[in-house]
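The values are calculated or read from the model by the stated rules, or taken from the named source; none is laboratory data. Just so it is clear, the model here is predicted, and its values are computed rather than measured. We place every Cβ from the backbone using ideal geometry, glycine too, and count neighbours over all the protein chains shown. Only protein heavy atoms, including side chains, enter the accessible area calculation; ligands, DNA and RNA are left aside. Shrake-Rupley method; radii C 1.70, N 1.55, O 1.52, S 1.80 Å.
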Amino acid sequence: MRNKNRYTEDPTAILADDIIDPSPAKRSISLLLSSRSGSLMLQDAMLQAGNDHCRALLAQTALEHTGALAVMAGRLSTIAPQGSQYYQAILAAYAQKAVEKVGRW
């Protein structure tokens, strides 16, 4: 196939010309994984998946603990209302540190 000037105002004219069938891939996944670079790619993918799992567990735990502390602060505020501002301050401090830890991870 010779190089031709394919510039035209009609974009369908370009698509109506030669169509080349793609050749099938000659590499298989086992060949890729048997190479050193393929093995490193697999290890990297596994590390990333583990990292994501740990991040999700950290976020879940932070949400559960913050929720439990919020419920406790609400109950304590009804029992001993004089300490309400301190309960809220403690809850806010915990929640802020939890946000920072999840953000750093």
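When restricted to residues that are open to solvent by 40 Å² or more (accessible area, probe 1.4 Å), over 18 Å from the mean Cα position of the chain (by Cα) and either within 18 Å of residue 89 (Cβ to Cβ) or among the β-branched types (Val, Ile, Thr) (or both), segment 57-73 contains 6.
When segment 55-89 is filtered for residues that are more than 13 Å from residue 99 (Cα to Cα), among the hydroxyl-bearing types (Ser, Thr, Tyr) and in contact with a Phe, Trp or Tyr (Cβ under 9 Å, 6 or more places away or on another chain), only 77 remains.
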